[in-house]
Structure formats: C-alpha cells, structure tokens
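Laboratory data are not the source of any read-out in this text; all were calculated from the coordinates shown. Remember, predicted model here, so these are calculated numbers, not experimental data. Every residue, glycine among them, receives a Cβ derived from its backbone with ideal geometry; neighbour counts consider all protein chains shown.
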Amino acid sequence: MKPENNIDNLISMMKAGKTVSDITFERDEAEAFIPIIKTLSSLPKASLPVAYREHRYAEALKPKSFFKTLVFFVRASAVPISVVAGLVLFVGTGYAAQSSIPGQNLFIVKKSLEQTSLIFTPEAQKPQARLALTEKRLAEAEQVLTNPNNDPESTKAVLEELNEQAQNTFSDVRKIADTKDLSDSEVKILSSLDEITKKQEVLANTIQPTNEQITEIKDNATKDAKESNENINRLIATINEKTLAELKDPNEIAISGGTISSISNSRIIVERTSFIIDPKTIAIFKDDQPFELSKLTAKSKVTIVGTKTGNNITAKTITIIELLEIPVAGTVKGDATGITPTPTPANTDPKEEPEQQPTTPTNNVNGTFIPEQP
C-alpha cells in the first residue's frame with residue numbers, strides 16, 4: 001500500500017475512534033505518523049478575516065456598467081459627489097455637442113473642444129487638422145442651406161463659421177509659405193481649400209433673398225467666398241512664380257497666372273505671347289488632374305511653360321488656375337492663325353466700346369525672343 005494511502009487510512013480510523021493497538025497494518029510505520037496526525041488534527045479551522053470576506057463580497061457585487069462603476073467608485077472613495085457630477089455633465093454635454101451645428105446652443109461647446117484639440121496638435125499637422133474642420137463646417141452649411149425650414153439666423157451662423165474656418169486654414173498655410181517652401185501635402189491642402197471656397201460661393205448663391213435680412217446675408221457670404229478664393233489663387237500664383245524662377249534652362253519661357261486672350265487647336269496666346277500647341281503639350285488643373293485642352297477657353301487664367309526654338313515657343317505644360325467660361329458644344333474657338341473671331345452681337349450697346357488691341361505687343365515673359373504678331 002502506498003504511504004499516502006496509509007496516512008489516509010490512519011486519519012480515517014482515528015476519526016472513527018480507533019487506537020494504535022487496533023491498527024494491524026504496518027504498526028511501526030503507523031506509530032511514527034500518529035504524533036503528526038494528532039498535531040494536525042488539533043489545529044483550529046482557518047477562518048477568513050472579515051475585511052477579506054467583505055472585499056470578496058464586494059467584488060461579486062461589483063457593477064458592470066460605466067455609470068454603476070462610477071457610483072461604486074465614488075462611494076468607495078473620498079471624491080466629492082459634486083465634482084463627479086460636474087465631470088459626468090461635462091463629458092455628457094461634450095458628447096451631445098458633437099452633433100450640434102452653428103447657431104445651436106451646444107455648438108460653442110463643440111467649437112471649444114475642437115480648439116482644445118488643436119492646441120495639442122503638432123504645428124506640422126495643424127493645417128491638415130484645420131482643413132478637416134473646414135470640411136466639417138462646409139458639411140454643416142450644406143445641411144442647413146438644403147433644409148427648406150432653415151431660419152436666417154442659422155443660415156448666417158453656418159456661413160460665418162465656414163468663412164472663419166476657411167480663413168484660419170489659409171492663414172496656417174500662408175505662415176508656412178512665408179518661411180519655407182510648401183510640401184506636396186501642404187500644396188494639396190491649398191488646392192482642397194480652393195475647392196471649398198468655390199463651393200462656399202455656390203452655397204451662398206443658392207440663398208433666396210426673400211427679405212432685406214436674407215439679402216444682406218447672401219451678399220456678405222458671396223463677398224467672403226470671393227475674397228477667400230482670390231487670396232488662395234494669389235498664393236498659388238506666388239508659389240508657381242517661385243517655382244518657375246528656379247528654372248535653369250534659358251530656352252524655357254514661362255508666364256504665371258496669365259490670362260488667355262485666344263486659343264485654337266494649334267496655338268494659344270497668353271498675355272500677348274503666342275505658344276504653339278503640339279501633341280506633347282500637357283494640360284493639367286491646379287490640383288494636378290489632367291485637363292482636356294478642348295475645354296479651355298479664352299479669359300481663363302493659366303500658368304504656361306514653353307520651350308523657345310528660333311522665333312517659335314512650343315507649350316510644354318499648361319496649368320489651369322481659373323476656368324472662367326465653359327465652352328458650348330459645337331462652337332469653334334479659333335482659326336489656324338490662333339486668333340478668335342469676334343462675333344457681331346445682334347444688339348450692340350452704344351455705351352460699350354470694343355476692346356482695342358495694342359499695335360505693339362508687349363511680352364511679359366522670362367527670356368528674349370521675337371513674338372509672333374497676332
């Protein structure tokens with residue numbers, strides 16, 4: 001029999017009132033274990049301390065929800081209930097404020113939380129963070145202005161907040177541009193902001209001026225959108241000019257932010273400088289998106305880079321900054337000479353004089369060449 005089984009049998013027999021003389025197996029071994037068994041049997045039963053039992057009981061009843069856990073924590077700690085109540089109110093209010101829009105009472109809480117978040121945002125990431133807020137303001141403006149039941153105060157609030165946030169974003173990018181060259185991501189932020197200000201103007205134009213107050217709101221919103229867009233375009237033109245100034249090829253001719261006076265399938269005239277359009281000419285919009293030259297019209301603003309060969313300049317890239325006119329399908333933009341024919345209007349206003357073309361063209365380009373007479 002195994003020793004552990006012998007001990008078990010000895011303990012069982014002693015509990016039943018047997019004595020050592022009654023044990024018949026392994027008497028000598030049993031006698032050696034008898035004192036140990038008696039000592040262990042005389043020990044009192046272990047009783048858990050009251051504090052430990054209360055702790056285990058509290059663990060079993062510990063609440064699972066956030067609110068119950070908070071109450072349990074307050075009861076078990078010395079934190080004043082007023083402080084905790086204020087904390088719960090602040091967190092709850094902040095959560096509810098996230099769905100608020102300009103003009104509503106909780107929007108000031110939402111805006112405060114956004115500004116607090118910006119404080120802890122690294123400087124390099126602030127333009128992107130502000131752009132995200134501008135996009136949020138645009139969505140809120142669209143939400144209000146597409147609602148037929150919106151009131152003038154809500155309309156005014158969303159448009160003013162949108163304009164303010166767009167200007168703050170532009171200001172951040174402008175500060176960077178004043179100190180160093182903009183990175184690709186920062187240039188994209190500028191392009192995205194340009195698109196937002198254009199949508200801002202479109203939204204302003206959807207407002208129906210039903211009374212004097214609404215008319216004033218619409219006029220102010222349209223003016224703000226135009227000013228923001230002009231500031232952005234000026235900064236874009238400045239960046240382009242800075243980039244073009246670094247060109248090393250003396251045969252490259254560049255015009256930044258120029259206005260197209262005439263365009264045909266084979267030639268484009270920008271600021272009275274004629275460029276040849278060939279199959280290798282690339283046209284892109286300012287956000288680096290490909291653009292069809294057939295959609296490009298006179299009076300649009302572009303940055304154009306070309307290569308001079310003899311007396312001719314061949315356009316390499318045409319970057320569209322502002323497309324002012326949308327061509328009508330089937331219209332002819334110009335003849336082979338690159339000069340757009342001027343149609344004779346049916347009703348001519350006698351007060352409006354036709355634009356006079358200078359007899360001696362002036363070239364606003366970098367380089368020396370003989371311009372082609374228009």
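Calculated FRET efficiency, K280 to T121, Cβ-Cβ distance, R0 = 45 Å: about 0.55 to the nearest 0.05.
Label positions at S171 and N311, each projected 7 Å from the Cα along the C-beta direction, are separated by 5.4 nm. In this structure, the residue pairs whose Cα-Cα separation is over 27 Å, taken from K226/K295; K156/K180; K136/K295; K188/K295; K136/K226, are K156/K180; K136/K295. First measure r as the distance between the Cβ atoms of Q208 and K299, then evaluate 1/(1 + (r/R0)^6) with R0 = 30 Å and state the FRET efficiency to the nearest 0.05. Here the calculated transfer efficiency is 0.55.
Placing dummy labels 7 Å off each Cα toward the beta-carbon, the span from S12 to K136 is 7.5 nm.
In the stretch 121-244, a dipole from Cβ-located charges (positive for Lys and Arg, negative for Asp and Glu) runs towards its positive end, and of I214, A157, V173 it is V173 whose Cα lies farthest in that direction.
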